[in-house]
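Below is one structure, written out as structure tokens; comments come after it.
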């Protein structure tokens with residue numbers, strides 16, 4: 001399965017869907033496109049949906065901190081992420097913890113409803 005992404009403005013947030021094999025190279029391409037959509041729409045709330053065919057390698061998870069900083073993803077962003085592949089959730093939660101420990105935005109949720117509720121709720125981590 002080839003990697004694909006769908007990024008759209010959904011009213012007051014950007015919906016970004018990533019499908020396929022996960023790697024830091026793919027993450028870089030995906031997050032660059034997400035940042036471009038956020039800037040073009042002056043909208044920094046992101047509902048991310050991952051439909052991964054594999055878990056992100058742990059070493060690639062470490063690299064997300066540098067990637068987010070490189071792309072300027074900071075506290076003005078609010079990212080709610082849902083991973084649809086249960087086998088990939090552990091790696092996504094690792095990325096979440098690494099970002100959280102460095103005061104970078106985002107949370108991982110089990111369902112799209114939970115993610116949406118947090119995304120549109122009170123600011124706070």
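Structure notes:
- Note on 59, 84: ascending count of other Cβ atoms within 10 Å places them as 59, 84, the fewest first.
- Taking label positions 7 Å along the Cα-Cβ direction at both residue 113 and residue 29, the computed distance is 3.5 nm, reported to one decimal.
- Each of 27, 8, 18 has some number of other Cβ atoms within 10 Å of its Cβ, and from fewest to most they run 8, 27, 18.
- Counting DSSP beta bridges with both ends in the range 1-71, the antiparallel % (nearest 5): 45 percent
- For the range 2-48: rounded, prolate or oblate by the Cα gyration tensor [a/c cutoff 1.5]: prolate
Here, each number is a calculation from the coordinates, and none is a lab measurement. Predicted model only: the values in this text are computed from it and were never measured. All Cβ positions, even for glycine, are placed from backbone atoms using ideal geometry, and neighbour counts span all protein chains on display.
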